[in-house]
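Here's the structure, in structure tokens; my notes come after.
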Amino acid sequence: MKKDLKELSDAELLKDYKNSKNLLFLYLGLVLVMLVAGVITTIKQGVNAFTFLPFAFMGVLVIYRNSYDKAGKEMKSRNLK
């Protein structure tokens, strides 16, 4: 189980922040690729499951964004940024 951010050392917090940032942008890129693929398939074949697939993954993207924001706020409170 993941520790609370307040319990992490500065080095662990920095590592968690970088990991959260990388994961967020990787996932954002994947969702954008799915969105573009959905638009292209919708134009070529009409509305199908791939049209709505990116929207199904938006919830996970919000969770990753919240994790990234929490780590950033904790870093700011410790004057690490």
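The numbers here are math on the coordinates, done by the rules we state, and not lab data. Model, not experiment: these values are computed from the prediction. Cβ: placed from backbone, ideal geometry, glycine included. Neighbour counts: every protein chain shown.
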_What's the number of the only condition in (1) surrounded by fewer than 15 Cβ atoms within 10 Å (Cβ to Cβ); (2) in a helix (DSSP H, G or I) that Lys3 fails to meet?_
(2)
*Considering region 31-57 alone, what residues qualify as being free of Cβ contacts under 8 Å to residues at least 24 places away in the same chain and under 26 Å from Asp69 (Cα atoms)?*
Leu32, Val33, Met34, Leu35, Leu53, Pro54, Phe55, Ala56
